[in-house]
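Colleague: One structure, as structure tokens, below. Some questions next.
The values are calculated or read from the model by the stated rules, or taken from the named source; none is laboratory data. Treat the numbers as computed from the prediction; the structure is a model and nothing was measured. Cβ coordinates were reconstructed from backbone atoms using ideal geometry, including for glycine residues, and neighbour counts include every protein chain displayed.
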Amino acid sequence: EDELTIVDVRKLKPVHKQKFPYEINEIAWNKTGDLFFITTGLGFVEVVNYPSLDVVCKLNAHTAGCYCIAMDPLDRYFAVGSADSLVSLWNVKELLCIKTFTKLEYVFIYYIELL
């Protein structure tokens, strides 16, 4: 069981805590800070509204665990790296996968960055 804790860094105190019955790996915030994206060990990305913590949707992103996520600086795309040796590129507004990068054979993707 994993737990996500959101901390107010000005006060150094947790403001939200949420438990998950499955593995969560990494989160990324959108530019406005009203949504964040959680990668999971079940192969989906959970899109969550902040501060309500309501789940907007669950994106079936990969066939294996999703390890990492990165937002592009202009908030147009996000990329997800997975244990299935693929990287998927998503449109932030539409929440649709627009490209999958393959030929990364026998590699688990643990870190990704969009410049």
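Colleague: Would it be correct to say that Cys57 is within 16 Å of Asp34 (Cβ to Cβ) and without any contact (Cβ under 8 Å) to a residue 60 or more places away in the chain?
Modeller: Considered against the rule, which asks whether it is within 16 Å of Asp34 (Cβ to Cβ) and without any contact (Cβ under 8 Å) to a residue 60 or more places away in the chain, Cys57 comes out as yes.
Colleague: Only one residue in Leu114, Leu86, Leu42 is of a type outside the set (Ser, Thr, Tyr) and either under 13 Å from the mean Cα position of the chain (by Cα) or at pLDDT 95 or above (or both). Which one?
Modeller: The match here is Leu42.
Colleague: Taking the stretch 23-37 as the search range and keeping residues that are touching an Asp or Glu at 6+ places or on another chain (Cβ under 7 Å) and under 15 Å from Glu3 (Cβ atoms), which one is surrounded by the fewest Cβ atoms within 10 Å (Cβ to Cβ)?
Modeller: Residue satisfying both the conditions and the ranking: Glu23.
Colleague: Another question about this same structure. Filter the stretch 1-22 down to the residues that are hydrophobic (A, V, I, L, M, F, W, C) and loosely packed, with under 10 Cβ neighbours inside 10 Å, then identify the one that is nearest to Asp84 (Cα to Cα).
Modeller: Val9
Colleague: Can you tell me which of (1) of a type outside the set (Phe, Trp, Tyr); (2) at pLDDT 90 or above; (3) exposed (fewer than 12 other Cβ atoms within 10 Å of the Cβ) is the one Lys103 doesn't meet?
Modeller: (2)
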